[in-house]
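Before any comments, here is the structure.
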Amino acid sequence: MTETPQDAPAEAAELPTVAPRLRDLRRRSGLTLETAARRVGLSPAHLSRLETNRRQPSLPMLLALARMYGTTVSDLLGETAPERDPIMRAGRTEPSEAGGWTYWTVGGAGRAMQALRVHVPQRAQGDLVRVHPGEEWLYVLTGQLRLTLGEAVHLLGPGDAAHFDSLTPHRIAATTRAGAEMLFVHTLLQSGAAELCLGDDTPRRGL
């Protein structure tokens with residue numbers, strides 16, 4: 001995963017400070033900076049900037065970091081959610097933004113899956129293609145998404161859904177001017193298997 005315009009400088013970001021949490025999770029996992037960076041497809045210098053609050057991650061990067069550490073985006077951001085509360089009431093979840101992607105946590109804490117409602121901006125993820133263990137499911141609420149799975153490109157409109165093995169190289173982008181909104185669920189897996197973020201200048205090994 002390369003450093004992109006979606007990874008905003010810390011002073012311009014609206015995210016809470018994730019640096020201490022990222023550093024603590026890495027140390028508790030027994031990973032060196034170099035190993036953790038390789039697994040998530042970053043350079044050690046970029047991960048160091050995230051851990052020292054000189055850089056804030058985009059939402060796709062937050063998802064990758066959460067997946068690597070077996071936690072949720074909400075946990076990374078220090079958001080408090082009732083443990084094992086089965087009910088998520090409308091209006092009780094405040095939206096958060098990362099790199100232009102806006103999301104609402106719509107799943108419970110401490111689960112094996114993370115559920116989000118996500119607004120995807122029109123601009124794409126650059127050349128980023130993600131590959132990692134697990135499964136992903138998405139359902140389009142508004143707008144149109146372009147979902148690339150391997151060599152196949154699918155245009156999804158409201159009411160369309162996709163459920164795929166995350167080891168299939170994949171990429172998500174909105175094609176409509178106002179962006180697109182989707183429900184998104186992914187499994188939280190800690191694995192020694194590498195995640196690959198495939199792009200022109202991207203390390204070939206990752207999470």
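What follows draws every value from the coordinates through simple rules; no lab data is involved. None of the values given here were measured: they were computed from a predicted structure. Backbone-built Cβ (ideal geometry, glycine too); neighbour counts: all protein chains shown.
Once you charge only the Cβ atoms, +1 for Lys and Arg and -1 for Asp and Glu, what is the size of the charge dipole of segment 10-76 about its Cα centre, to the nearest 20 debye? List each step's numbers first, then the result.
On the way: 11 positive and 6 negative charges, 52 e Å.
So the magnitude is around 240 debye.
What's the exposure ranking of Glu97, Glu151, Glu136, Glu34, going from fewest to most Cβ atoms within 10 Å? Please list the in-between numbers first.
On the way: Glu97 15, Glu151 6, Glu136 21, Glu34 11.
Least to most surrounded, the residues fall as Glu151, Glu34, Glu97, Glu136.
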Task: Residue among Val40, Leu59, Pro20 farthest towards the positive dipole end of segment 10-76, charges placed on Cβ - done: Val40
TODO: Collect residues whose amide H, placed 1.01 Å from N in the peptide plane, falls under 5 Å from the amide H of Gln122; neighbours closer than 5 in sequence don't count.
DONE: Gly179
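Got a sec? How would Asp85, Asp160 order by Cβ neighbour count within 10 Å, fewest to most?
Values: Asp85 11, Asp160 15.
Exposure proxy ranking, most exposed first: Asp85, Asp160.
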TODO: Quick one: which residues, 5 or more positions from Thr102 or on another chain, have an amide H under 5 Å from its amide H? H modelled 1.01 Å from N in the peptide plane, none for Pro or chain starts.
DONE: His119
- [ ] With a Förster radius of 25 Å, plug the Cβ-Cβ distance of Glu97 and Ala152 into 1/(1 + (r/R0)^6) and report the FRET value to the nearest 0.05.
- [x] 0.25
Task: Nitroxide proxy distance, nm - points 7 Å out along Cα→Cβ at Val106 and Ser43 - done: 3.8
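Suppose R0 equals 25 Å; then what is the FRET efficiency for Thr32 and Asn53 from their Cβ-Cβ distance, rounded to the nearest 0.05? Intermediate results must be reported in sequence, preceding the final value.
Details: r = 20 Å, r/R0 = 0.79.
With R0 = 25 Å, the Cβ-Cβ based efficiency is 0.80.
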